[in-house]
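Working notes, beginning with the structure itself.
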Amino acid sequence: MKKRKVLAAVLVFGISIQVLASCTAEEQTGIARAQVGVACYNQSDIFISELLDCFEEKLNQLEKGSFEATVTVRDGAGSQRIQNDQVKELVDAGCNVLCVNLVDRADPSEIIDIARENDIPIIFFNREPVAEDMMQWDKLYYVGADAKQSGVMQGELAADAIETEPQIDRNKDGKIQYVVLEGEPGHQDAIIRTENAVDTLRGKGVELEKLSYGIANWNQAQAENRMLQMIGQHQNQIELVLANNDAMALGAIDAYKKLNRTESALPVFFGIDGTKEGLEAIKEKKMAGTVYNDKEGQAEAMAKLTEALVSGSGLSDIEFENEKYIYLPYSKVTFENVEDYIEKE
Ligand code: BGC
Ligand code: CA
């Protein structure tokens with residue numbers, strides 16, 4: 001019995017010396033080590049996977065002697081319960097910063113509790129928690145973009161196209177017959193984008209007639225199915241497709257391709273994001289325009305914030321809105337400037 005206690009004491013002592021040794025080594029070398037735990041809502045989401053690639057790249061670029069980062073990514077596969085467990089695992093594995101892309105943006109409490117108990121800051125990204133939840137603790141941050149701006153820009157792009165290409169009004173009734181492909185219900189970027197795109201078009205004097213809408217959860221294959229149904233209902237009456245993101249605009253294009261519709265029976269398509277495939281579609285004139293969701297800027301903001309939180313310096317150089325929000329601006333992409341964005345990739 002006694003022996004065991006002694007052994008335990010020796011072990012504990014040994015471990016604390018080791019911990020102490022590694023701490024002092026860190027202090028002496030002055031290296032800040034970030035162990036970043038990333039929890040995303042669904043890794044098969046095109047925009048999210050492109051954003052995460054950028055994030056790892058930006059962290060690599062920051063690694064210059066005094067900063068080192070390792071990243072572990074977990075895929076919540078659309079379940080908040082799974083994501084909560086994954087965050088627990090990331091914390092147990094020793095992560096000192098969490099980057100969380102919530103499955104259910106209205107349900108972050110369990111994750112916030114785990115983080116607070118362990119004093120690990122959270123950078124939420126892309127799926128914005130509601131303001132009250134962001135107030136739960138002072139080490140909660142958000143990096144994303146202003147949904148309204150993307151909707152307004154999509155509306156402006158569509159209005160410009162309608163003005164310069166009168167043939168978009170194929171039946172020449174002075175109105176634009178349109179359909180909308182929407183992202184997940186409850187996502188800050190779905191309804192706000194739709195409302196602002198439509199309001200902007202109306203504000204610019206475009207007469208609109210809404211034929212239908214389909215919820216396709218940001219997903220290309222679902223959008224193709226929804227579009228096939230809408231074409232079934234409205235045949236060649238559809239003149240404009242407003243999609244809440246590029247993946248769904250591409251799904252709509254796929255639907256017309258599947259039906260072998262000729263050029264003259266095609267509507268104009270607008271997306272948001274500027275994903276690789278989205279930009280390609282603009283270059284090939286299959287999609288008329290998109291609104292660039294600045295993943296490089298968002299990834300860079302997340303990486304810089306990570307470094308500042310772990311190193312304990314530089315936080316005051318970061319410009320926040322309301323002390324915890326960073327919003328990167330959107331920009332418009334058409335055939336005229338698409339090459340600039342393709343180069344950026
Ligand atoms: C993007 C979508 C993406 C969604 C995921 C949005 O900001 O535009 O492409 O699917 O975020 O949360
Ligand atoms: Ca018309």
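The values are calculated or read from the model by the stated rules, or taken from the named source; none is laboratory data. The structure displayed is predicted, hence computed values, not measured ones. Counting neighbours? That spans all protein chains shown, and the Cβs are built from the backbone with ideal geometry, glycine included. The accessibility values were calculated without ligands, DNA or RNA, using every heavy atom of the protein model including side chains. Shrake-Rupley method; radii C 1.70, N 1.55, O 1.52, S 1.80 Å.
Here the range 177-207 is the region considered, the condition is being among the β-branched types (Val, Ile, Thr) and at pLDDT 95 or above, and the residue that is nearest to GLU239 (Cα to Cα) is VAL179. Of the residues in the range 59-79, how many are without any contact (Cβ under 8 Å) to a residue 60 or more places away in the chain and not in a helix (DSSP H, G or I)? The number of residues fulfilling the criteria is 14.
For beta carbons closer than 6 Å, sequence separation of 6+ or different chains, a first residue in the range 165-189 that is touching a residue at least 60 places away in the same chain (Cβ under 8 Å) and a second that is more than 16 Å from ligand 1 (Cβ to nearest atom) and polar (S, T, N, Q), the qualifying pairs are GLN177/GLN237; VAL179/SER212.
Listed residues GLY174, GLY186; which is within 16 Å of ligand 1 (Cβ to nearest atom), surrounded by fewer than 20 Cβ atoms within 10 Å (Cβ to Cβ) and outside any helix (DSSP H, G or I)?
Numbers: GLY174 fails: within 16 Å of ligand 1 (Cβ to nearest atom).
Result of the check over GLY174, GLY186: GLY186.
Of everything in the range 204-244 that is within 28 Å of the chain's Cα centre (by Cα) and in a loop (DSSP other than H, G, I, E, B), the residue that is surrounded by the most Cβ atoms within 10 Å (Cβ to Cβ) is ASN244. Name the residue that is farthest from ligand 2 (Cβ to nearest atom), counting only residues in the range 178-209 that are charged (D, E, K, R) and touching a helix residue (DSSP H, G or I) at 6+ places or on another chain (Cβ under 8 Å). By that ranking, first place goes to ASP189.
Screening ILE111, ILE120 for residues that are open to solvent by less than 20 Å² (accessible area, probe 1.4 Å), of a type in the set (A, V, I, L, M) and assigned to a loop (DSSP other than H, G, I, E, B) leaves exactly one candidate, ILE120. Just one of the numbered conditions (1) open to solvent by less than 50 Å² (accessible area, probe 1.4 Å); (2) touching a residue at least 40 places away in the same chain (Cβ under 8 Å) is not true of ASN96: (1). Does MET248 satisfy the condition of being within 12 Å of ligand 1 (Cβ to nearest atom) and modelled with pLDDT of 95 or more? Taking the combined requirement at face value, the residue satisfies it. Only one entry of ALA288, ALA308, ALA301 meets the criterion of being out of contact with any His (no Cβ under 6 Å at 6 or more places or on another chain), buried (at least 16 other Cβ atoms within 10 Å of the Cβ) and assigned by TED's automatic domain parsing to the domain that holds LEU157, and that entry is ALA288.
Yes or no: the range 158-172 includes at least one residue that is at positive phi and not aromatic (Phe, Trp, Tyr).
First, the residues of the range 158-172 that are at positive phi: 172.
If we keep only those that are not aromatic (Phe, Trp, Tyr) too, we end up with 172.
Within the range 158-172, one or more residues are at positive phi and not aromatic (Phe, Trp, Tyr).
Take the conditions more than 16 Å from ligand 1 (Cβ to nearest atom) and either touching a residue at least 40 places away in the same chain (Cβ under 8 Å) or more than 30 Å from VAL143 (Cα to Cα) (or both) and apply them to ILE192. Does it pass?
Details: more than 16 Å from ligand 1 (Cβ to nearest atom): no; either touching a residue at least 40 places away in the same chain (Cβ under 8 Å) or more than 30 Å from VAL143 (Cα to Cα) (or both): yes.
No: the conditions fail for ILE192.
Being assigned to a helix (DSSP H, G or I), of a type in the set (Asp, Glu) and over 19 Å from GLN188 (Cα atoms): is that true of ASP53 here? When the stated conditions are applied, ASP53 passes them.
Kindly indicate whether ILE82 is outside any loop (DSSP other than H, G, I, E, B), buried (at least 22 other Cβ atoms within 10 Å of the Cβ) and away from ligand 2 (no atom under 16 Å from the Cβ).
Values: outside any loop (DSSP other than H, G, I, E, B): yes; buried (at least 22 other Cβ atoms within 10 Å of the Cβ): no; away from ligand 2 (no atom under 16 Å from the Cβ): yes.
Criteria not met by ILE82.
The set of residues from the range 280-330 being more than 16 Å from ligand 1 (Cβ to nearest atom) and hydrophobic (A, V, I, L, M, F, W, C) comprises ALA288, ALA303, LEU305, ALA308, LEU309, VAL310, LEU315, ILE318, PHE320.
Is it the case, given these coordinates, that ARG105 is under 25 Å from LYS304 (Cβ atoms), within 16 Å of the chain's Cα centre (by Cα) and open to solvent by 40 Å² or more (accessible area, probe 1.4 Å)?
The answer is yes for ARG105.
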